[in-house]
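Here the structure comes first, spelled out in structure tokens, and everything after it is commentary.
What follows draws every value from the coordinates through simple rules; no lab data is involved. The structure presented is a predicted model; accordingly, all values stated were derived computationally and were not measured. FYI the Cβ positions are ideal-geometry reconstructions off the backbone, even for glycines, and counts take in every protein chain you see.
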Amino acid sequence: MRIVLFFALLYALVLVSCEEDGGLLTTQHGYEYINHTNLDGARPQPGEYAYFQVQIRNGDTITHSTREQGAAPFLQIPSINNPQRRPSPLEDVLREMSVGDSVTVLIRLDTIRAKQKGFENTNIMYYDVVLTDIKSMDSYQEGAKRDREEREKVAEEARARYKEVAAEVRATLKDYKAGNLDGQLQETDSGLKYIIQEPGTGKVVTPGRNVSVQYFRALMNGKEHDSSFKQGEPLNFPVGEGRVIKGWDEGVSLLREGAKASFFIPSKLAYGENGASPGIPGNTDLLLYLEVVEVD
């Protein structure tokens with residue numbers, strides 16, 4: 001959602017041309033910017049893919065940042081120059097940069113018809129942009145092919161483990177109900193109970209970081225609700241932003257990359273009195289098995 005909002009901001013700007021002023025540089029289409037590094041290297045050419053990180057600031061306050069999305073986003077430099085189309089500030093300034101360059105684009109808000117939310121009381125919006133890589137069309141396609149093959153491999157491995165994981169989850173639930181796990185269970189102040197089957201050795205999960213997890217979720221009667229193992233595709237989400245239920249957010253924050261754990265989530269940390277349709281009635285406790293695949 002944030003990345004969609006970010007690009008909506010970029011392309012909603014309607015500006016008048018600016019001249020060089022006070023030492024500022026000016027892009028081909030009149031956007032003012034400061035190059036903090038001025039590196040001497042190749043610049044993105046038409047048809048190539050420019051990979052970047054960017055944050056939008058109101059003074060010292062960061063309002064949007066692509067670093068929260070994990071992998072660097074990219075933009076293909078248009079192969080055809082359309083004189084009727086004015087590019088976004090980002091596209092225009094990337095043409096002026098070399099890999100490793102860091103620039104700040106100044107957007108004068110008095111040239112915009114309506115100020116964006118959060119910028120009502122300021123005159124300048126800042127884009128801090130870093131160009132991280134340039135890829136040719138062939139290189140981009142090769143990378144995309146490798147990514148697809150890797151995702152397919154991960155999906156196949158997950159699906160192959162689906163029945164095994166389902167059996168393990170039901171065995172864990174049976175032991176929990178029989179009281180066989182009492183000496184192993186840990187409990188948080190919120191009432192979330194859990195067992196860490198494997199602690200993992202990778203990066204620690206902390207609020208604000210993006211995680212990729214494989215999961216199996218079941219009701220306390222053993223009925224499966226949903227599972228990424230069945231679909232093959234891991235779930236990716238930023239921790240602590242409410243993208244998942246409270247018990248899930250709290251539980252994954254106790255783990256690190258490579259960890260495997262089971263969480264017994266009371267209904268107040270799940271879907272509460274209302275439940276979730278389909279398949280989860282109101283006041284339903286849940287069992288969630290997680291494997292942390294990656295932490296960004």
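Straight Cα distances below 16 angstrom link residue 230 to the lysines 153, 163, with same-chain residues fewer than 8 positions distant left out. Taking the C-alpha atoms only, the angle from helix 2-12 to the longest principal axis of the chain is near 20 degrees.
The sum of -39500 (n - 2.57) across all DSSP H runs of n ≥ 4, divided by the residue count of the chain, sets its helix-only mean residue ellipticity at 222 nm to -7500 deg cm²/dmol.
Think of the chain as a dipole: +1 on every Lys or Arg Cβ, -1 on every Asp or Glu Cβ, centred on the Cα centre; then among 289, 47, 93, 289 lies furthest on the positive end. Against the main long axis of the alpha-carbon atoms of the chain, helix 137-178 sits at an angle near 20°. A simple charge model with +1 on the Cβ of Lys and Arg, -1 on the Cβ of Asp and Glu and nothing else charged puts the dipole of the range 158-295 at about 280 debye relative to its Cα centre. Candidate cross-link partners of residue 268 among the aspartates and glutamates, defined by an alpha-carbon separation under 16 Å and a same-chain spacing of 8 or more, comprise 187, 189, 249, 250, 285.
What is the range 144-247 by shape, rounded, prolate or oblate, if you read a ≥ b ≥ c off the alpha carbon gyration tensor as root eigenvalues and call it rounded for a/c under 1.5, prolate for a/b larger than b/c, and oblate otherwise? Cα axes put the range 144-247 in the oblate bin. Gyration tensor analysis over the Cα atoms of the range 194-296 returns equivalent ellipsoid semi-axes of 22, 14, 12 Å (largest first, whole Å).
Between the range 108-141 and the range 178-231, what is the separation of their alpha carbon centroids in Å? Answer, in whole Å: 39.
Seen from all directions on average, the chain presents a Cα convex hull projection of 19.7 nm². When you restrict to C-alpha pairs under 8 Å that are six or more residues apart and normalise by the size of the chain, the relative contact order lands at 16 percent. Extension gain, residue 111-residue 180: 0.36 nm per intervening residue step, less the Cα-Cα distance, totals 18.0 nm.
Charge dipole of the chain (Cα centre as origin; +1 on each Lys and Arg Cβ, -1 on each Asp and Glu Cβ, all else neutral): 880 debye, rounded to the nearest 20. Using label points projected 7 Å from each Cα along Cα→Cβ, tell me how many nm separate residue 142 and residue 45, to one decimal. Result for the modelled spin labels: 1.6 nm. Spacing of the modelled spin labels on residue 26 and residue 81, each 7 Å from Cα toward Cβ, amounts to 1.7 nm.
Note on residue 151 and residue 67: the extension gain reaches 28.1 nm, defined as 0.36 nm multiplied by sequence separation minus the Cα-Cα distance.
Here the spin labels are modelled as points 7 Å beyond Cα on the Cα-Cβ line, and at residue 164 and residue 189 they lie 3.9 nm apart. Working from Cα pairs under 8 Å separated by at least six residues, relative contact order for the range 137-296 is 27 percent.
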